[in-house]
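The values are calculated or read from the model by the stated rules, or taken from the named source; none is laboratory data. These numbers come from a predicted model, not from an experiment. A quick note on method: Cβ atoms are made from the backbone with ideal geometry, for glycine too, and the neighbour counts reach across all protein chains shown. Areas reflect the complete protein model, heavy atoms only, side chains present, ligands, DNA and RNA absent. Shrake-Rupley method; radii C 1.70, N 1.55, O 1.52, S 1.80 Å.
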Amino acid sequence: MVEITVRVPAIEKLLDYSASGIGSIAGPMLATWRASREAGAKRITAVGDADVLAILAGGQARALSTIAEAQESARKHWNAPDIAVEGKLTITNAVEQHMRFQQERQLGNISNTVGQAAAILTDVEVEDHEPDHDWAASFFNYVQDVSSEEMQILWARVLAGEVKRPGSTSIKTLGLLRDLDQGTAKLFRNLCSIAIFYNGLHYLEGRVLNLGRRANWNDLSEYGLPFDSLNILNEYALITPHYDSYPDYLEGAPTRSGNDLFHEISIYYQGQPWILQHSSQDPRKEFPMSAVAELLAGVLLTRSGVELSSVVTIEEAAEYNAALMDFLDSEHLQMIK
């Protein structure tokens, strides 16, 4: 029996996630949602004053409600003459207008995020699958209150990643991202920009090497990771509490020379694939895996941290790059792209 994999435009699958997630929170916000498929395209329309979201055939996408438009509309409501009675705004009308503003703002946040996800997924095809409705409900319940453009970009990348590879971000990680402020997000971006990622026994692991120093003694401060910053990242469950752990799983990692001696291993650094290998000119001289594991000690990302690392914009880190290469060279190791 031959198993056939059906692939569909990612834009269509994005709309499935949107219909599932938005429907779970739209009760007080929208009167009706309807979905239709015409000419290979899907469109969700809010019955009311304007379209909330339109995703068109050919991979084009645009979000029709923006935060600015929502705020402008809200201002007009606040200043409308019918809400003033003898120069005073009644409590009832004030509450009503506040709720309307909140709803419009939330719809703007959703539209902006989905529109950015649609731009990422343009001309992409994915395997046809049923969206995880619990995941979609959690995602849109959280993202409706995300007004920062920078954070909306992160959420859009998470949504696009889930459409392309279901299960790439857990519901637990969504909750963590919801609580993330911009300052901590910047710290995390710095961490991910100098982290090395490699396959563990059960899942991808990421770690910032301490370069033979002690991260919990403030030795990574010159690279933007002082001890107090590590504590903040730990409080947000992005890194584990022990800042100088080493990867014991390397004992089972595949190498050219077998499991007991190290020759090379595949890693990712700065968003690029590398090979970490032994640099000795003597082919008979090889490292035991345990020795290499100790050299790779450092700050370990949690599972949620690894999941979120895939949506972070990697920045250049010239100083750490130079220090990393010098450290590896001193230990007879080298990284090759």
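I'd like to verify a number: residues in the range 178-221 that are of a type outside the set (S, T, N, Q), over 25 Å from residue 322 (Cα atoms) and either open to solvent by less than 50 Å² (accessible area, probe 1.4 Å) or at pLDDT 85 or above (or both), how many?
Qualifying residue count, the range 178-221: 6.
Within the range 317-337, how many residues are in contact (Cβ under 8 Å) with a residue 24 or more places away in the chain, open to solvent by 80 Å² or more (accessible area, probe 1.4 Å) and farther than 15 Å from residue 195 by Cα?
3
Go through the range 317-337 and report how many residues are hydrophobic (A, V, I, L, M, F, W, C) and either outside any helix (DSSP H, G or I) or closer than 27 Å to residue 160 by Cβ (or both).
4
Out of the range 294-316, which residues are in a loop (DSSP other than H, G, I, E, B) and either of a type in the set (Asp, Glu) or buried (at least 19 other Cβ atoms within 10 Å of the Cβ) (or both)?
Hits for the range 294-316 are 296, 297, 302, 311, 312, 315, 316.
Considering each of 230, 211 in turn, give the residue that is at negative phi and either in a helix (DSSP H, G or I) or touching a helix residue (DSSP H, G or I) at 6+ places or on another chain (Cβ under 7 Å) (or both).
Result: 230 is the single residue among 230, 211 that is at negative phi and either in a helix (DSSP H, G or I) or touching a helix residue (DSSP H, G or I) at 6+ places or on another chain (Cβ under 7 Å) (or both).
Do you know which of the residues in the range 222-253 that are buried (at least 17 other Cβ atoms within 10 Å of the Cβ), aromatic (Phe, Trp, Tyr) and modelled with pLDDT under 95 is nearest to residue 196 (Cα to Cα)?
By that ranking, first place goes to 246.
Look at residue 152 and say whether it is polar (S, T, N, Q), surrounded by 19 or more Cβ atoms within 10 Å (Cβ to Cβ) and touching a helix residue (DSSP H, G or I) at 6+ places or on another chain (Cβ under 8 Å).
yes
So which pairs qualify, if the first residue must be in the range 136-149 and in contact (Cβ under 8 Å) with a residue 24 or more places away in the chain and farther than 13 Å from residue 111 by Cβ, the second must be open to solvent by 10 Å² or more (accessible area, probe 1.4 Å) and in a loop (DSSP other than H, G, I, E, B), the Cβ gap must be under 8 Å, and the two must be at least 6 apart or on different chains?
136/24; 137/24; 137/25; 141/24; 141/25
Given (1) outside any helix (DSSP H, G or I); (2) at pLDDT below 90; (3) not acidic (Asp, Glu), identify the lone condition not met by residue 107.
(1)
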